[in-house]
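Taken together, the values in this text are just the output of simple stated rules run on the coordinates, not laboratory data. Since this is a predicted model, take the numbers as computed values, not measurements. Note: ideal-geometry Cβ built from the backbone for every residue, glycine included; neighbour counts use all protein chains shown.
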Amino acid sequence: MPDVASPFLGPWSSFFGMSASAAATLTGLMFVVITLVSGNQRILRNPNGVSTFSTPTVVHFCAALLISSILVAPWRWLIQPATLLGVTGLLGLVYALRVMHLTRRLGTYVPDVEDWTWYGVLPFIAYGVILGGSIALRLLPGEALFALAGGVVLLIFIGIRNAWDVVTFIATTTDEDKPSPEPASVSDGAREA
């Protein structure tokens, strides 16, 4: 029997290989960032914020890595990667809905339109495109691979933007959580002299 997958997946191997490398590197970078800010008590006091803003970023990078890895594997038939990609897209949609639910329940922070867009709507669209691409992979593989590539790139861009958003939020709000030092009184200065 002829190999059905290679003529379609072969030309995309360098693109998805590059995407997998980028997603893996960015996932590792997120671990470094979280380690560096782990001493911030504000983060530790608000696990819902971590579940809503930091964890989804890592999940999107890992999803991009998984999808890219699936598409560079030497499949013989397109049904095999299509099935795995379909499950990934479906789970991604469910996860995006869960993040939107967590966002709605935040008590210490009121998300704005930008937060809803980047943490909820765009990931939902990306996973929907991936699910659609997986369904079309057997019927229209050329077009489906462009859709899958678009979904992967969108997840990577969402992750990069959201990682930057989390880091800048932490960097700009850290000082507000620290107690301000009490000014020295005149008599304290006089005693030291």
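Assorted remarks:
- Karplus (6.51, -1.76, 1.60) ³J(HN,Hα), θ = phi - 60°, over segment 117-131, in Hz, Gly and Pro reported as x: 5, 7, 9, x, 5, 5, x, 4, 5, 4, 5, x, 5, 5, 4
- Each peptide in 99-112, 77-90 receives the mean, over its residues, of other Cβ atoms within 10 Å, and ordering these scores from highest gives 77-90, 99-112.
- Cα gyration tensor shape of segment 119-158, rounded if a/c is under 1.5, else prolate or oblate by comparing a/b with b/c: oblate
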